[in-house]
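See structure below.
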Amino acid sequence: MLKYTVSLLALLVLFSAACAKIDYIGQSYPPTTHVDLYFSEQDIREDYQVMGHVIAQAHEGISTENLQKKLEAKARAAGADGIVIHGFDRIQTGETTTYNEEIKREEKKRRIAAITVTSAEAERQIRAIFIKYEQNL
């Protein structure tokens, strides 16, 4: 029973890891094939307009690199020329507790084995803006 529960829990973690949620609010343009990545607006050498704001979130099981790739894909689809990363956070979203109890009977004796496992649930979050270069408007 414990083996089944641990396998199910591992499967749920893997399923959650594959999911990333990208929330974008702003303008859209025809898709682009390349986006520049910035970590400060002062690094942008061209005139630009802010297209909109975006928050990318994923379970801790997904790598930061994969989350960044999904964010870049969303930017290209929205027609952005660049992404300015404003922040990266890890947010605790809850916790999961699993309790398993097994009763064994051995020669008139009853033995109970119980295991409780509590794990924190967290998400990675990237906050950013999408930009469009003035020359491309």
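Computed quantities for the displayed model
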| item | result |
| --- | --- |
| Count - residues of segment 53-67 that are under 9 Å from the mean Cα position of the chain (by Cα) and either without any contact (Cβ under 8 Å) to a residue 40 or more places away in the chain or in a helix (DSSP H, G or I) (or both) | 4 |
| Qualifying residues in segment 68-95 (those that are free of Cβ contacts under 8 Å to residues at least 40 places away in the same chain and part of a strand (DSSP E or B)) - the one farthest from Phe39 (Cα to Cα) | Glu95 |
| Filter result (among the acidic types (Asp, Glu) and surrounded by 19 or more Cβ atoms within 10 Å (Cβ to Cβ)) within segment 30-87 | Asp81 |
| Lys3 being closer than 15 Å to Gln125 by Cα, of a type in the set (Lys, Arg) and either at pLDDT 95 or above or exposed (fewer than 14 other Cβ atoms within 10 Å of the Cβ) (or both) | no |
| Cross-chain or 6+ apart pairs with Cβ under 8 Å, segment 119-137 first and crowded, with 16+ Cβ neighbours inside 10 Å, then assigned to a helix (DSSP H, G or I) and small (Gly, Ala, Ser) | Phe130/Ala75; Phe130/Ala78 |
| Condition check for Arg105: outside any helix (DSSP H, G or I), surrounded by fewer than 15 Cβ atoms within 10 Å (Cβ to Cβ) and out of contact with any strand residue (DSSP E or B) (no Cβ under 6 Å at 6 or more places or on another chain) | yes |
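The values are calculated or read from the model by the stated rules, or taken from the named source; none is laboratory data. Treat the numbers as computed from the prediction; the structure is a model and nothing was measured. Every residue, glycine as well, gets a Cβ built from its backbone with ideal geometry; the counts of neighbours run over all protein chains shown.
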